[in-house]
Amino acid sequence: MKPFKIIYCIFIVFLATIALLLIISIFPITGNIKFMVVQSGSMEPAIKMGSVVMIKPANDYKIGDIITFGEVTRIKSPTTHRIYDMKVIEGKPIYITRGDANNAPDQKEIQKRDILGKVLLNVPYLGFAIDFAKKPIGFILIIGIPAAVIVSDEIKKIIKEIKKTKETKESNKTGGGQW
């Protein structure tokens, strides 16, 4: 394979990955695996700002687990922190969390119903590309332009095939190649 083709294939896979993660992050399915972008450096060095974390709800959480909790709205982003301590009140667990880079635990105690899930995997810096792709200019640059290039390339191939088919038909009509 030519180096250009290899780079082209890698680029297409990269775009497809970003598009897929963008779609998944916009339409999270409740009770299932979700992908979230970490917006702060409070969990560094374990999870860097701009990372994409894959979270999944669990039946129980323990001290040391990294969890994502809070509301997911246009205004509010959920928080990803480590469970620092826990206590049981009236038979229900209450979690005290803390970011690894923070000196003190979080003020708000977290109930199980507030937890979106436990972090299973994190991919550093990929979130910057996803956040950029969510903005109109980013969407145009990362998704729109490459898609337009691919579509125009395919249109050129179709036109070339149509011309080739016409030439073959014309040559057959005029008797070219026939006895």
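We did not get these values from a lab; they are worked out from the coordinates using the rules stated. Computed from a prediction, not measured in an experiment: that's the story for all the values here. Every residue, glycine among them, receives a Cβ derived from its backbone with ideal geometry; neighbour counts consider all protein chains shown.
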Subject >> Positive-pole candidate from A58, I47, F4, dipole of the chain, charges at beta carbon >> reply: F4
**OP:** List, in order, the whole-Hz ³J(HN,Hα) value for each residue of the stretch 129-134 obtained from phi through the Karplus relation with A = 6.51, B = -1.76, C = 1.60 and θ = phi - 60°; use x for Gly and Pro.
**Re:** 5, 5, 4, 5, 5, 6
Subject >> Distant-in-sequence amide H partners of A101 (H built 1.01 Å from N, under 5 Å) >> reply: M43, E44
Subject >> Which of V119, I159, I143, positive extreme of dipole for the stretch 68-179 (C-beta unit charges) >> reply: I159
**OP:** Enumerate the calculated ³J(HN,Hα) couplings along the stretch 71-82 in order (Karplus 6.51 cos²θ - 1.76 cosθ + 1.60, θ = phi - 60°), each rounded to whole Hz, writing x wherever the residue is Gly or Pro.
**Re:** 7, 10, 9, 5, 8, 9, 10, x, 10, 10, 9, 8
Original post:
Charges only on Cβ, +1 for Lys and Arg, -1 for Asp and Glu: so what's the dipole of the chain about the Cα centre, in debye to the nearest 20?
Top reply: 760
Subject >> Eligible lysines near K166 by straight Cα distance, threshold 16 Å, same-chain separation 8 or greater >> reply: K156, K157
**OP:** Could you list which residues have their amide H under 5 Å from that of G117, counting only those 5 or more apart in sequence or on another chain, with H placed in the peptide plane?
**Re:** T68
Subject >> Acute angle (nearest 10 degrees) that the helix 145-173 long axis makes with the longest principal axis of the chain, alpha-carbon atoms >> reply: 20
Subject >> Full-stretch length increase - S171, I33 - with 0.36 nm per residue and alpha-carbon distance subtracted >> reply: 43.8 nm
Subject >> Projected label distance in nm at I140 and D85, using a 7 Å step from Cα toward the beta-carbon >> reply: 5.2
Original post:
Using the Cα gyration tensor of the stretch 56-121, with a ≥ b ≥ c the square roots of its eigenvalues, what is the shape: rounded (a/c below 1.5), prolate (a/b larger than b/c) or oblate (neither)?
Top reply: rounded
Original post:
Is the chain best put as rounded, prolate or oblate by its Cα gyration tensor, with a ≥ b ≥ c the root eigenvalues, rounded for a/c under 1.5, and otherwise prolate when a/b is larger than b/c, oblate when not?
Top reply: prolate
Subject >> Spin-label model distance (nm) - K76 vs A46, 7 Å beyond Cα toward Cβ >> reply: 2.3
**OP:** Excluding residues fewer than 8 places away in the same chain, name every one of the lysines whose C-alpha is closer than 18 Å to that of K160.
**Re:** K169
**OP:** Starting from the Cα of A148, step 7 Å along the direction of its Cβ; do the same at D100; then give the gap between the two resulting points in nm.
**Re:** 4.2
Original post:
Straight-line reach from K56: which aspartates and glutamates have a Cα under 19 Å away, not including same-chain ones fewer than 8 places off?
Top reply: D65, E71, D114
Original post:
Considering only Cα-Cα distances, which of the following residue pairs are longer than 32 Å: K62/K134; K34/K108; K5/K163?
Top reply: K62/K134
Subject >> Sum of -39500 (n - 2.57) over DSSP H runs of 4+, divided by residues of the chain (222 nm, nearest 500) >> reply: -12500 deg cm²/dmol
Original post:
Quick one: length gained pulling I63 to K108 fully straight, 0.36 nm per residue minus the C-alpha distance?
Top reply: 14.6 nm
